[in-house]
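Enquirer: Below: one structure in structure tokens.
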Amino acid sequence: MTTDWRTVRLYPIPSIIYLIHNNVQFATLTYVDTSTYQIMGNLKIVTTGILFRLFLRRKLSNLQWMAIILLAVGTTTSQVKGCGEASCESLLSAPIQGYMLGILSACLSALAGIYTEFLMKKNNDSLYWQNVQLYTFGAIFNMARLVADDFRGGFEKGPWWQRLLNGYSITTWMVVINLGSTGLLVSWLMKYADNIVKVYSTSMAMLLTTILSVYLFNFKPTLQLFLGIIVCMMSLHMYFAPPQMLVDLPPVVKSEDLECLVEVSSDRRTDS
């Protein structure tokens, strides 16, 4: 458990990035509709790959780059609605500010994830101690925002801690537990895997979501959704499968076999 301030002072940075990112998300929604927002959110798949290469110096093969682009295309395809359900023109009719904010949001999301992975792998500290530091600074920034809102509103509704749990129900607590568990699992991915695995796990979750939605909400899957899932499965195989499974490589001659060939050829020369 590293307590050196030079290490601890690095943990507020991802909290600040996420704080800016969350506000940029709300600003983006004021310019674009929800469908366009969802589709633009898939840009973070590509930006994560780019920052993964630039900041963490992780080399990706050409097949892996193609797989990442395919993943972005697959998730986008699954979210595109038919012209009968929503106006096809709405995807390209948003103001330029909306697209610029969407790109900024994708870059901030990727940057926060890459920086968090850097912190998690910086030393051999306990994963839970690292989580304590991350969430502590996140809670401090959120409390500061709540206090600022109280002062701005003149404490008309009382201090924030008195109404913090107002409206909570069993469903609310289940959502909180779900999100908290997801955060812990993501920290495990950051510590022992990487951001690309996190991106794939998030994208593949739409398959499970679709299956559950069919039974729970009588959801009717669209052709675009099926095509998107198929493309994402192909991307998953391309990224993680060994190259020899994807490309017909020439057979590799072992060194022992090469020595045998040399010996046979030399014997033949001697006999001749």
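Enquirer: Is it the case that LEU19 is within 22 Å of TRP129 (Cα to Cα) and in contact (Cβ under 8 Å) with a residue 12 or more places away in the chain?
Expert: yes
Enquirer: If you check LEU51 against the conditions, is it more than 18 Å from ILE17 (Cα to Cα), of a type outside the set (Val, Ile, Thr), modelled with pLDDT of 85 or more and surrounded by 15 or more Cβ atoms within 10 Å (Cβ to Cβ)?
Expert: no
Enquirer: Can you tell which of THR34, THR2, THR28 is surrounded by 14 or more Cβ atoms within 10 Å (Cβ to Cβ), modelled with pLDDT under 85 and more than 17 Å from the chain's Cα centre (by Cα)?
Expert: Checking each option against the conditions leaves just THR2.
Enquirer: In segment 81-102, which residue that is modelled with pLDDT of 85 or more and open to solvent by less than 80 Å² (accessible area, probe 1.4 Å) is nearest to the chain's Cα centre (by Cα)?
Expert: Result: GLY102.
Enquirer: Among the residues of segment 64-80, which ones are at pLDDT below 90 and either over 18 Å from THR28 (Cβ atoms) or open to solvent by 30 Å² or more (accessible area, probe 1.4 Å) (or both)?
Expert: GLY74, THR76, THR77, SER78, GLN79, VAL80
Enquirer: Examine segment 233-242 for a residue that is in a helix (DSSP H, G or I) and either open to solvent by 100 Å² or more (accessible area, probe 1.4 Å) or modelled with pLDDT under 80 (or both), and state whether such a residue exists.
Expert: Yes, some residue in segment 233-242 is in a helix (DSSP H, G or I) and either open to solvent by 100 Å² or more (accessible area, probe 1.4 Å) or modelled with pLDDT under 80 (or both).
Enquirer: A further question follows. When you scan segment 161-200, how many residues do you find that are more than 19 Å from TYR115 (Cα to Cα), open to solvent by 40 Å² or more (accessible area, probe 1.4 Å) and either among the small types (Gly, Ala, Ser) or in a helix (DSSP H, G or I) (or both)?
Expert: Qualifying residue count, segment 161-200: 15.
Enquirer: Here's a follow-up. Within segment 25-72, how many residues turn out to be touching a residue at least 12 places away in the same chain (Cβ under 8 Å), assigned to a helix (DSSP H, G or I) and farther than 14 Å from ALA106 by Cα?
Expert: Summing the residues that are touching a residue at least 12 places away in the same chain (Cβ under 8 Å), assigned to a helix (DSSP H, G or I) and farther than 14 Å from ALA106 by Cα in segment 25-72 gives 11.
Matching residues to (1) among the hydroxyl-bearing types (Ser, Thr, Tyr); (2) farther than 21 Å from LYS44 by Cβ; (3) in contact with a Lys or Arg (Cβ under 7 Å, 6 or more places away or on another chain); (4) without any contact (Cβ under 8 Å) to a residue 40 or more places away in the chain:
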| position | (1), (2), (3), (4) |
| --- | --- |
| GLU156 | no, yes, no, yes |
| ARG163 | no, yes, yes, yes |
| THR171 | yes, yes, no, yes |
| VAL176 | no, yes, no, yes |
| SER187 | yes, no, no, no |
| LEU212 | no, yes, no, yes |
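Enquirer: Something else: Scan segment 203-232 residue by residue and report those that are assigned to a helix (DSSP H, G or I), among the hydrophobic types (A, V, I, L, M, F, W, C) and exposed (fewer than 14 other Cβ atoms within 10 Å of the Cβ).
Expert: ALA205, LEU208, ILE211, LEU212, VAL214, LEU216, LEU223, PHE226, ILE230, listed by residue number.
The values are calculated or read from the model by the stated rules, or taken from the named source; none is laboratory data. These numbers were taken from a predicted model, which means no experiment stands behind them. Note that each Cβ is placed from the backbone with ideal geometry, even for glycine, and that neighbours are counted across all protein chains shown. In case anyone asks, the SASA skips ligands and DNA or RNA and just uses the protein heavy atoms, side chains included. Shrake-Rupley method; radii C 1.70, N 1.55, O 1.52, S 1.80 Å.
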